[in-house]
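Below: one structure, written as structure tokens.
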Amino acid sequence: MNDNTAWITGANGLIGNELLRAAAALGVGTSLSPLHASIPWTARGLTRHDFDLTDYPALRRRFHEEEPRLIIHCAALSKSTACQANPALARQLNVEVTARLAELATDIPLIFFSTDLVFDGLQGNYDESAPVNPLSVYAETKVAAEQLVLANPKHTVIRTSLNGGNSPTGDRGFNEEMRHAWQQGRTLNLFVDEFRCPIAASETARAVWELAARNQPGLYHLAGSERLSRWQIGQLLAARWPQLHPKLQPGSLKGYSGAPRSPDISLNCAKAQALLSFPLPGFTSWLAAHPTVPF
């Protein structure tokens, strides 16, 4: 393997796949923008078909064979319900695998994907200095992994929000989940008082490559610039897919009983934005600017 390889774990996931697409579009040596050096890596996507990340001897052996110069770690058990049902598996995949990768990557940059769900949602507009308070097993594992990653000053944590797009498996983006529900004729009950900052995964990927090229490690929030309720997000997507005859109704956390939910985990992304050559888009404007993009 050449000496400028970048490993991308979870390459069959939404963000991992978009990172590969973006790398292919940009190409090694292609300028990201007038403000940045060219991408010095060749992206190498890792999937479960390559090897099991929990097989640590195999992971170590492959690392020493290929000698990547950057790791972007997207692989995770990311479904909250699956994490709640099997906390041990969630810890293994989200914390222990991350710990092994961080250990292997001691001397090279590692970028780890975390989530806005590390916050309890009682405040909103969270910046990187805000204290975390996870309400789910999934979020707890992400907090634990963040701490492991940030122990190395060469490493980076990216907290992102709802990412949308077209994943290889067709079920990783929040938009894909909603589309499937409407294709099945289901009515979605969407909260008017639960807020996120959705973003197209293609924009996330573009931003991550720029941040990697900047090589200023640390903790960053990276999400859309528009705070939207679940209900507003649903309305935007319903308008995009009239052929599905989408059915949705407004709901409220006030009448909700179930696992804890974070009401407002909107992210302040000013720190990352200051390093990027393009504005992180709001979801409404992104949809309007990309009317023909399958989404």
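Relative to the longest principal axis of the Cα atoms of the chain, the long axis of helix 56-66 lies at roughly 60 degrees.
Each of the peptides 53-59, 102-108, 153-159 was scored by the mean count of other Cβ atoms within 10 Å over its residues; in descending order, highest first, they stand as 153-159, 102-108, 53-59.
If you run the Gaussian network model on the chain, springs between alpha carbon atoms under 10 Å, then out of 161, 252, 229 the most flexible one is 252.
Mean residue ellipticity at 222 nm, helices only, the chain: -10000 deg cm²/dmol; runs of at least 4 DSSP H residues each add -39,500 (n - 2.57), and the sum is divided by the number of residues. For residue 142, the lysines whose Cα comes closer than 30 Å to its Cα, not counting residues fewer than 8 places off in the same chain, are 79, 154, 254, 271. What the phi angles of the range 267-282 give under the Karplus curve with 6.51, -1.76 and 1.60, with θ = phi - 60°, is a coupling list of 10, 8, 10, 4, 5, 5, 4, 5, 9, 8, 8, 9, x, 5, x, x Hz, glycine and proline written as x. If R0 equals 41 Å, the separation of the Cβ atoms of residue 48 and residue 285 corresponds to a calculated FRET efficiency of about 0.70.
Read-outs: derived from the displayed coordinates by stated rules, not from any lab. This is a predicted model, so every value here is computed, not measured. Quick reminder, even Gly has a Cβ in these numbers, built from the backbone with ideal geometry, and neighbours come from all protein chains shown.
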